[in-house]
1. Please determine, by comparing only the residues of the range 301-343 that are touching a Phe, Trp or Tyr at 6+ places or on another chain (Cβ under 9 Å) and buried (at least 18 other Cβ atoms within 10 Å of the Cβ), which one is nearest to P42 (Cα to Cα).
2. Conditions: (1) buried (at least 23 other Cβ atoms within 10 Å of the Cβ); (2) modelled with pLDDT under 90; (3) not polar (S, T, N, Q). A346 meets all but one. Number of the miss?
3. Suppose we keep only residues that are in a helix (DSSP H, G or I) and out of contact with any Cys (no Cβ under 8 Å at 6 or more places or on another chain) within the range 192-210. Which one would you say is surrounded by the fewest Cβ atoms within 10 Å (Cβ to Cβ)?
4. I need the helices (runs of 4 or more DSSP H) fully contained in the range 271-363, keeping only those with at least 1 residues that are within 16 Å of L25 (Cα to Cα) and acidic (D, E).
5. Against the definition (out of contact with any Ser or Thr (no Cβ under 8 Å at 6 or more places or on another chain) and under 29 Å from G226 (Cβ atoms)), how does A253 come out, yes or no?
6. Please state which of the following conditions V50 fails to meet, knowing it meets all the rest: (1) touching a strand residue (DSSP E or B) at 6+ places or on another chain (Cβ under 6 Å); (2) at pLDDT below 95; (3) more than 12 Å from L359 (Cα to Cα).
Amino acid sequence: MPVAIVTGASKGPGRAPDRDAVRLLVSRGGAAPAHHAFGELPGLLARGDVLVVNTSRTLPAAVDGRTGDGRGRGEPVVVHFSTRADRWHPAGREVAGCWAVELRTPDGRGGTRPRAGGPEGAVVRLPGGARLTLWAPVEPGGVRLWWGRVTGGCAMQVMRHHGRPIRYGYPEREQPPGAQQSVFAVDSPGAGSARMPGAARPFTAGLVARLVGAGVQFAPISLHTGVASAEAFEPPDAERFAVPAATAWLVNAARARRRAASRAAGGRVVAVGATAVRALESATGPDGRVRAAAGWTDLVVTPKRGVRAVDGLLTGLHEPTASTLLMLGAMAEPDVLERAYAAAGARRRLWQECGDLHLVLPG
């Protein structure tokens, strides 16, 4: 996909727009891209459409720490807790309660910059007397993500009492914790996401009520995202997901109604964010039928693989090398996406995690 599709896009004024100020670009088959306010979404969907939403709660996954065992000063670091593993097997040993973590260096302006993790056996002192011990890179030869284990405390408790939401380069200013939580988030003991499912951010309780009043149905899934932001078409890391039986039934019923109605309006399955696509497609068989499922998924949705259960996608505007564009390519022709990104650039739409959104619907 050519880089030119994002020419003119904007990272914005250094802050995320308010939830009700997000703008929406709509691509529908061969029609010209249309510009809307996000609050117009109920009028863009039809009675019987299903929105698949991720209910994973955003963790306060950034925790300040200091390297070393306390006998020396060490250096300040910020620990980003990424993904919890029930069991990990280093060198034939079984270790419970491990986390994939990323160590970052504070930049003195409230943000962080990259640093290498490790070495094996390195200790990071955390608030409240807890310690994080690094075991090994998540990927052999990797330097960024490491398996680690917290002792002298519980990782979830450390985050709850001393953590804050991970802050990326955009927006530039710190946001209150509530700004990093979607309206669909529910508590899941011992689990959560290192970053918010961004496509769900603009939804408010009022908008959800209007959508329900318009006959749009909601189907919950969960996929707990880690810190890794897959760029340059890098495959995403394996992540924990669950598709409940009620969601499988609702999606299958909607698709059956749509087939019976010769694909008339309504009955479309629209994923809110790439995480919803990954979870739902991971639970869908080659026959296109969704089944209740839970576990880990490393699924990468590409144009070659295609989609089996999802008709449309609500997502952000992405870098030209972002893997999410591969997923979009499974739902829309290249010329449709090129027109959409040209229109987004011309209107200076905001992109990345907290920017404006793009709704891709079938023609």
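The values are calculated or read from the model by the stated rules, or taken from the named source; none is laboratory data. Computed from a predicted model, the values in this text were never measured in an experiment. We place every Cβ from the backbone using ideal geometry, glycine too, and count neighbours over all the protein chains shown.
1. G316
2. Exception for A346: condition (1).
3. First pass over the range 192-210, keeping only residues in a helix (DSSP H, G or I): 198-200, 205-210.
Filter once more, keeping what is out of contact with any Cys (no Cβ under 8 Å at 6 or more places or on another chain): 199-200, 205-210.
Numbers: A199: 25, A200: 23, A205: 8, G206: 11, L207: 17, V208: 17, A209: 11, R210: 15.
Within the range 192-210, the match that is surrounded by the fewest Cβ atoms within 10 Å (Cβ to Cβ) is A205.
4. Details: elements: 274-282, 324-329, 334-346.
Result: 334-346.
5. Working: out of contact with any Ser or Thr (no Cβ under 8 Å at 6 or more places or on another chain): yes; under 29 Å from G226 (Cβ atoms): no.
Considered against the rule, which asks whether it is out of contact with any Ser or Thr (no Cβ under 8 Å at 6 or more places or on another chain) and under 29 Å from G226 (Cβ atoms), A253 comes out as no.
6. Among (1) touching a strand residue (DSSP E or B) at 6+ places or on another chain (Cβ under 6 Å); (2) at pLDDT below 95; (3) more than 12 Å from L359 (Cα to Cα), the lone unmet condition for V50 is (2).
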